[in-house]
Amino acid sequence: MSTELTLRPVTVDDLPAVADLHLAARRGAGDAFPPPVHPDHEARAWVAGWDLASYDVWLAERDGDPAGYARWTATWLDDLYVHPDHQGQGVGTALFELVASTRPDGFCLWVFESNEPARAFYRRHGCVELERTDGSANEERAPDIRVAWPGADPLAFLRGLIDETDLVLGDVLARRTALTRVVQGVKPSVERDPDREAEIVERVASVVPELGPERVARIVDVIITESLDAAR
């Protein structure tokens with residue numbers, strides 16, 4: 001068997017073959033992927049509509065046969081698929097190394113929680129799993145995991161993600177403080193409502209199970225206490 005593998009940028013003329021590859025890879029993954037939510041013709045139309053000026057899209061070919069492809073932006077690896085006939089032959093590694101070489105400062109990607117082969121692949125290539133979701137934000141409604149390849153300076157990359165998250169946290173705290181101030185003007189009593197606060201803790205704890213109810217309760221208490229103090 002020939003082992004010659006070439007990587008090259010995708011052109012518009014390649015997009016039908018990329019769509020075929022995408023569909024074959026997802027079908028070949030079996031239970032690792034949730035059932036598709038779009039029929040094949042819609043997936044093909046989606047690929048045909050890619051703006052190749054907005055992404056880096058590269059095709060891996062073995063003796064001219066499409067074997068895999070990767071699609072990525074400045075900060076995200078959106079796709080990395082290998083045709084079932086070419087899996088286990090270094091195609092995925094070649095594509096991943098290409099992406100990493102062009103994004104040495106690191107990047108993130110999403111992988112379905114059920115896709116253990118992909119998760120193992122990314123772990124082998126130095127990626128770390130970050131947050132888990134219940135899947136409510138993806139079309140398949142399947143739990144997924146944010147994965148990061150932290151690049152040449154992992155500490156700087158991960159601190160950058162923390163900085164982004166802190167800005168989101170600051171926005172949430174500002175909104176929470178503003179709402180608390182308004183609520184104080186319409187509440188019939190200035191007393192805190194322990195039953196409602198317990199409900200808040202339960203909701204928040206369901207989103208961050210790693211913290212557990214007791215930690216979440218302490219955090220919520222501080223947020224409410226300080227928001228009330230600011231409202232006064």
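The values are calculated or read from the model by the stated rules, or taken from the named source; none is laboratory data. All values reported here derive from a predicted model rather than from experimental measurement. Please note: Cβ atoms are built from the backbone with ideal geometry, for glycine as well, and neighbour counts cover all protein chains shown. To get the accessible areas, we keep the full protein, side chains included, count just its heavy atoms, and leave off ligands, DNA and RNA. Shrake-Rupley method; radii C 1.70, N 1.55, O 1.52, S 1.80 Å.
Miscellaneous remarks
- For Glu113, the accessible area of its heavy atoms, probed at 1.4 Å with every protein chain present, is near 80 square angstrom.
- Dividing the Cα radius of gyration of region 68-116 by its Kirkwood radius returns 0.97 for Rg/Rh.
- Prolate/oblate/rounded label for region 1-78 (Cα gyration tensor, a/c 1.5): oblate
- For Glu140, the accessible surface of its heavy atoms amounts to roughly 50 Å² (probe 1.4 Å, protein chains only, rounded to the nearest 10).
- Sequence-separation-based contact order of the chain, relative, with Cα cut under 8 Å and 6+ spacing, percent: 14 percent
- Accessible-area ranking of Ser227, Ser54, largest first, probe 1.4 Å: Ser54, Ser227
- Considering helices alone, the calculated mean residue ellipticity of the chain at 222 nm is -16000 deg cm²/dmol, with DSSP H runs of length four and up weighted by -39500 (n - 2.57) and normalised per residue.
- Membrane-span-like helices in the chain (whole DSSP H runs, Cα extent of at least 27 Å along the helix axis, mean Kyte-Doolittle hydropathy of at least 0.0): 154-186, 212-231.
- Site pair Asp78 and Glu97 shows an inter-label distance of 2.6 nm when each label is modelled 7 Å from Cα along Cα→Cβ.
- In terms of its C-alpha gyration tensor, region 115-232 has a prolate overall shape, because the principal axis ratio a/c (a ≥ b ≥ c, square roots of the eigenvalues) is not below 1.5 and a/b outweighs b/c.
- Rough spin-label spacing in nm, given labels placed 7 Å along Cα→Cβ, for Glu113 and Ser136: 1.4 nm
- Per residue, the Cα convex hull of region 103-161 amounts to 79 Å³.
- Cα gyration tensor category, rounded, prolate or oblate, for region 1-135 with a/c compared to 1.5: rounded
- Carbon and sulfur %, accessible surface of the chain computed with the full protein complex present, 1.4 Å: 56 percent
- Rounded to the nearest 20 debye, the dipole magnitude of region 102-232 is 180 debye, with +1 charges on Lys and Arg beta carbons, -1 on Asp and Glu beta carbons, and the Cα centre as origin.
- Modelled label positions at Arg203 and Glu164, each set 7 Å beyond Cα in the direction of Cβ, lie 2.6 nm from each other.
- Here the chain is treated with +1 on each Lys and Arg Cβ and -1 on each Asp and Glu Cβ, and its dipole about the Cα centre works out to around 560 debye.
- The Kirkwood radius of the chain, taken over pairs of alpha-carbon atoms, gives through the Stokes-Einstein law at 25 °C and 0.890 mPa s a diffusion coefficient of 118 µm² s⁻¹.
- Heavy atoms of Tyr122: accessible area, 1.4 Å probe, square angstrom to 10: 20 Å²
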